[in-house]
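Please read the structure below before turning to the comments.
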Amino acid sequence: MKRDSHPIDDFFRESLKDTKVTPSAQSRIHFLEEAALLPRQGGFKGFRWNNLLGVAGLLIVTGIMTYVFLAGKTYRSSDTVSATVVENSSIQSQIPAPNTPQATLPATETTQIPVESPEKQVNTSVPNPNKPSTSYTQHIQPSVNPSVTLTPNGSRKTEPAQIQKTDPGQTVASVEPPIMPFTDKEKVNKATKEIAANVQVNTASPNAIPKENQNETLPGSIEDKPMTAPGNDVPATSSSSTSVPSTPPASSSVPAPQTNFPKLNDPVKNKINLQPYFEYSLDNQLNSPGTKPVHTLSLGGQLQKGRFIFSVGAGYAMTNGFHSYQVEYNDYLGRYKKLDSITFAWDQNHYHLLPSYYMSETSVWDSLLKLDSYSIENRYSLLKMPVKIGYQVYTKGWFSLSVNTGAEFNFFIDSKQGSGEYSAGQKKVIQIHDVKSDLERNRHYLLFDLSAACNLNRRISIAVEPQMKYFLNPSETDSKEIKSLLTPWIRTTLKIKF
Amino acid sequence: MLSESALIKGVQKRNREALEELHDRYAPALLGLCMRYCGNRTDAEDVLHDAFIKILMSVGKFMERPNSSFEGWLKRIAVNTALNFLRDKTKMSRVVELEPVQEWIPEEEEETSLAAFAGRLEKDEIMAMICELPHGYRTVFNMYVFEDFSHKEIAEALNCSENTSKTQLFKARAMLQKKITEVLSKQSVSK
């Protein structure tokens, strides 16, 4: 349809088409403040998802490859359980008789040494007298509990000794210091002595360690191998940390240690131990009773060197929270009969008009705008990525205590609205404003925690971690509502290692 | 000064500088548009604020239409926001217009050339004339004259008949003509 042209239209169009009115400064500030709170848009979300998936995949692949590599290395080094070392004729005269009390430590003290997970490498060798010996080692099956070893009578006591490799032609049963997290030499020596007391090295050679060397070396005892009486010279090659008093071994056999839980990773001293794991955790904020707990299922990796721990992870977290809405409404005032129309009919008999009134029921609401609010419980999904470094303060048996610090990154994924609708009754709802929940955004924290963990078996452990978290990126709404950015939390975890 | 594409990307990322430039560049024109619809500055600034929030929330959708004019898209959002505001305001109002809706279109009066008076009136005065119109006349006049809506589109937007739209436009023109005459006569008297 052709538009009609009118001078008034042209006049006003030409006059006002480029009219600009400068907004007030207050409206500008209000707009900028509110705009900063709006969620970002664009393809970055997808990009961020791809990056996170890539990182998670890389972590998993790295963990699996490292586990396979280390596990394979562990099994390769433990293949030489059978005797391989042969002594030469000079050694044969140096090994004491099995029942001869030699090089046994006085069992004056038995101290439990917190050892990481030492591997006892003492090869039981069946020496061939006709072949020169090259090394002299005895294997003992490793024990799961690093602090438990076998005494000569078969009971568990302290760490078994590790027989040191010596020069060819020499048989030296020296005790290597156990792998310990501390470097106190006196403690090491003491522990070494006790460990050596429980090690019995069997050698094929009938030679025994000379008396003058009994204070310095520990031949140990080897099963089923005859030993000569003490008196023959055996050069001492022990290091300063491996000297032991000369006491005979209690028995001639090395009972096989109980190994219910063979180790998966070889905790060799000075090497980094990588432990990937699955974890379920439950986080509760302590100073806010209304805050719902956060359930997290995650995949992580822990690097440990000595007592120092570094852990990272990525997990899917879920929590519930309340999403608020603000309602603008008018109050209901009542009903009345509204006059729609009147018709008149002429009454010829009475010479007047007869009106007919047409009415309808009409509701009336107040014009005053009022505000109301209501909340609906929603479920929020987050991607949680903690990064922590820690120090293992105390370890004893299955229990360990460590302190950790680091950061926790929570990326908002989506929210699912729960059931529940606003019941307005007879009020007239003008508009419902969505008051954005603080949970519908990324929230990052600095954290510090104290972790008390208990290993149920070699794979499963539980831990309780009281935490303090510092909120790194509060919004303006957060900073007005929360009293402190530093909040206490309590976290319980179930960890499954693989 | 950012280019349009850089400005849009910055707005999407909620970059502070981009938001400031968006407001500084387009807010004056949009506020003028909102004032023509709302009739007063207070309501116009509220509508402008709501319009900008809608713009920020839906700027991604504009990116999907590369051939569209960004300023034109902004103005359409502002117009729709103003219409929604006026619709809600009408619901809240207890005032019922008693003037019946005419179903016939009166004959056009003799057109008066206003070109001679264009330079004699300030923009503020002209804007005030628009703002003084009843909101129904003002809405139809704005939609028809400034946004180039057809009567059919106006009727769909305002939920009325085409004849009602035409009648309202006719009356708006008549009132504006009368106001211009009054203002000009006052000016000539004051001189």
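The values are calculated or read from the model by the stated rules, or taken from the named source; none is laboratory data. Keep in mind that this is a model prediction, so the values were computed, not measured. Every residue, glycine among them, receives a Cβ derived from its backbone with ideal geometry; neighbour counts consider all protein chains shown. The accessibility values were calculated without ligands, DNA or RNA, using every heavy atom of the protein model including side chains. Shrake-Rupley method; radii C 1.70, N 1.55, O 1.52, S 1.80 Å.
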Scope segment B:129-174; condition of a type in the set (A, V, I, L, M, F, W, C), more than 15 Å from the chain's Cα centre (by Cα) and part of a helix (DSSP H, G or I); matching residues = B:155, B:170, B:174
key: Qualifying position, being open to solvent by 40 Å² or more (accessible area, probe 1.4 Å), at pLDDT 80 or above and more than 30 Å from residue A:421 (Cα to Cα), among A:280, A:316, A:332   = A:280
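Among what's in segment A:286-313 and is closer than 26 Å to residue A:417 by Cβ and open to solvent by 40 Å² or more (accessible area, probe 1.4 Å), pick the residue that is nearest to the chain's Cα centre (by Cα).
A:297
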message = Just the residues that are more than 19 Å from residue B:130 (Cβ to Cβ) and away from every other protein chain (no Cβ under 12 Å), please, taken from segment B:156-191.
response = B:156, B:159, B:160, B:161, B:163, B:164, B:185, B:188, B:189, B:190, B:191
inquiry  = Consider segment B:43-88. How many of its residues are of a type in the set (Val, Ile, Thr) and at the interface with chain A (Cβ under 10 Å from one of its Cβ atoms)?
reply    = 3
key: Failed criterion for residue B:4 (all others in (1) within 11 Å of chain A (Cβ to nearest Cβ); (2) open to solvent by 10 Å² or more (accessible area, probe 1.4 Å) hold)   = (1)
note = Filtering segment B:125-154 for residues that are over 13 Å from residue B:83 (Cβ atoms) and more than 9 Å from chain A (Cβ to nearest Cβ) leaves a count of 7
query = Scanning segment A:370-392 for residues that are in contact (Cβ under 8 Å) with a residue 60 or more places away in the chain and open to solvent by 40 Å² or more (accessible area, probe 1.4 Å), which turns out nearest to residue A:427 (Cα to Cα)?
reply = A:373
remark   = Residue pairs within 7 Å by beta carbon, gap of at least six or interchain, first lying in segment B:40-61 and under 17 Å from residue B:25 (Cα atoms), second charged (D, E, K, R) and surrounded by 17 or more Cβ atoms within 10 Å (Cβ to Cβ), listed first then second, are none
Yes/no for residue A:325 being closer than 23 Å to residue A:413 by Cβ, in contact with a Leu (Cβ under 6 Å, 6 or more places away or on another chain) and in contact (Cβ under 8 Å) with a residue 24 or more places away in the chain = no
request  = Please specify each residue of segment A:426-449 satisfying the condition of being within 14 Å of chain B (Cβ to nearest Cβ) and either touching a His at 6+ places or on another chain (Cβ under 7 Å) or basic (Lys, Arg) (or both).
outcome  = A:427, A:428, A:436, A:441
Residues of segment A:321-335 satisfying the condition of being charged (D, E, K, R) and touching a Phe, Trp or Tyr at 6+ places or on another chain (Cβ under 7 Å) = A:331
message = Quick check on segment B:11-34. Is at least one of its residues open to solvent by 10 Å² or more (accessible area, probe 1.4 Å), polar (S, T, N, Q) and under 15 Å from the mean Cα position of the chain (by Cα)?
response = no
query = Do any residues in segment A:335-346 that are among the aromatic types (Phe, Trp, Tyr) have Cβ atoms under 7 Å from those of residues that are exposed (fewer than 10 other Cβ atoms within 10 Å of the Cβ), where the two are at least six apart or on different chains, and which pairs are they?
reply = A:344/A:355
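A quick yes/no check of all residues on (1) modelled with pLDDT of 85 or more; (2) more than 7 Å from chain B (Cβ to nearest Cβ); (3) outside any helix (DSSP H, G or I):
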{"site": "A:12", "(1), (2), (3)": "yes, no, no"}
{"site": "A:23", "(1), (2), (3)": "yes, no, yes"}
{"site": "A:29", "(1), (2), (3)": "yes, yes, no"}
{"site": "A:40", "(1), (2), (3)": "no, no, yes"}
{"site": "A:48", "(1), (2), (3)": "no, yes, no"}
{"site": "A:52", "(1), (2), (3)": "no, yes, no"}
{"site": "A:56", "(1), (2), (3)": "no, yes, no"}
{"site": "A:62", "(1), (2), (3)": "no, yes, no"}
message = Looking at segment B:117-135, I want the residues that are open to solvent by 20 Å² or more (accessible area, probe 1.4 Å) and have a partner that is modelled with pLDDT of 90 or more with Cβ atoms under 7 Å, at least 6 apart or on another chain. Which pairs are those?
response = B:131/B:35
